[in-house]
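The values are calculated or read from the model by the stated rules, or taken from the named source; none is laboratory data. Everything quoted here is computed from the prediction, not taken from an experiment. We place every Cβ from the backbone using ideal geometry, glycine too, and count neighbours over all the protein chains shown. For accessibility, only protein heavy atoms count, side chains too; no ligands or nucleic acids. Shrake-Rupley method; radii C 1.70, N 1.55, O 1.52, S 1.80 Å.
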Protein chains: 2
Amino acid sequence: MSVTPAESQIMEALWIQGPLTASEVIAAVKDQDWGEATVKTLIHRLLKRGAIRSERADGRTVYRAVLERAAYVQAESQSLLDRLFGGEVAPLVAHFAERRSLKPAEIKRLRALLDELDDDAD
Amino acid sequence: MSVTPAESQIMEALWIQGPLTASEVIAAVKDQDWGEATVKTLIHRLLKRGAIRSERADGRTVYRAVLERAAYVQAESQSLLDRLFGGEVAPLVAHFAERRSLKPAEIKRLRALLDELDDDAD
DNA sequence: CCAAAAAGTCTACAGCTGTAAACCATTGTG
DNA sequence: CACAATGGTTTACAGCTGTAGACTTTTTGG
């Protein structure tokens, strides 16, 4: 169930704010300045593809994400790792480390993450 | 200087094997089973876009990557991080950690990376 | 209940991408 | 040198994506 970059903006709105009406979605992606028609098209394509669902209750239609954010993030990330880093996370981190583009705060955060992984070694 | 997924297969061949003739490129991406014509088209588009360059010496034309792999990897990775993880590496690692999809070897590797970063704290 | 507004569906269209055939140029070989 | 093979260029075309207008249906305020 693929989602294009433009469509993912719609998904993002639904993931963050929960089910929304069309006009709420339009408002939510206002920063993209797309015409309303454009947003309607994107919603429609997502519906057809099954990434979202529409629910009708007393005159209002709300759109709800079917595809979950975690699944989407996972698919996108794994695809990048596969294409560029042999499918693993460590080489990506290594790349950023070499670039020296890891801020100290990030390094700290990473270390904390690893420590936690050791802790709950279930 | 954008490179599409299909085109990136050509780049990959040039990055790994260095400058190649057209027929060597065709051989290098044989696993994709594309017709020769397809490979030629991809080479051409890369040329036009400036991602590769052709050099002619005594009757042979070789193609050489102009765009560097590290730059490409960086751009692609950063774009993913920006789209999905607030531009930072740590949240991506966190995501995989939550998924429990980090193999012990990877965790070890990550830890080693972080240690090195501390060491040469230049 | 009717008309205006809002919401939803259908159609359009240009540019990008994957895929490749056809055509033109070069080069090496008998 | 002529021709076959190889290499390079141009053209093609369908599907996807971004972008949006036009048309239809539903809702709602007077």
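Just a few scattered comments:
- Looking only at residues in the stretch A:3-28 that are part of a loop (DSSP other than H, G, I, E, B) and within 17 Å of A:Arg53 (Cβ to Cβ), the one that is farthest from DNA strand D (Cβ to nearest atom) is A:Gly18.
- Of all residues in the stretch A:71-84, none satisfies being over 20 Å from B:Ser77 (Cβ atoms), at pLDDT 95 or above and open to solvent by 60 Å² or more (accessible area, probe 1.4 Å).
- Residues satisfying the stated conditions in the stretch A:85-117, i.e. open to solvent by 30 Å² or more (accessible area, probe 1.4 Å), more than 7 Å from chain B (Cβ to nearest Cβ) and not in a helix (DSSP H, G or I): A:Gly86, A:Arg100, A:Ser101, A:Lys103
- Hey, B:Ile26 open to solvent by 30 Å² or more (accessible area, probe 1.4 Å), away from every other protein chain (no Cβ under 14 Å) and more than 10 Å from DNA strand C (Cβ to nearest atom) or not: yes
Okay, residues lined up against (1) under 16 Å from B:Val3 (Cα atoms); (2) touching an Asp or Glu at 6+ places or on another chain (Cβ under 7 Å):
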{"residue": "B:Val39", "(1), (2)": "yes, no"}
{"residue": "B:Ala51", "(1), (2)": "yes, no"}
{"residue": "B:Arg64", "(1), (2)": "yes, yes"}
{"residue": "B:Ala71", "(1), (2)": "yes, no"}
{"residue": "B:Glu76", "(1), (2)": "yes, no"}
{"residue": "B:Gly86", "(1), (2)": "no, no"}
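- Condition met for B:Ser54 (more than 29 Å from A:Glu98 (Cβ to Cβ) and either open to solvent by less than 50 Å² (accessible area, probe 1.4 Å) or touching a helix residue (DSSP H, G or I) at 6+ places or on another chain (Cβ under 7 Å) (or both)): yes
- Among the candidates B:Lys48, B:Lys108, B:Lys103, residue that is of a type outside the set (A, V, I, L, M, F, W, C) and in the same structural domain as B:Gly18 (by TED's automatic domain parsing): B:Lys48
- Any hit, the stretch A:50-68, residues being within 14 Å of DNA strand D (Cβ to nearest atom), within 11 Å of A:Met11 (Cβ to Cβ) and in contact with a Ser or Thr (Cβ under 9 Å, 6 or more places away or on another chain): yes
- Residue match in the stretch A:31-49 (condition: more than 8 Å from DNA strand C (Cβ to nearest atom), of a type in the set (S, T, N, Q) and away from chain B (no Cβ under 14 Å)): yes
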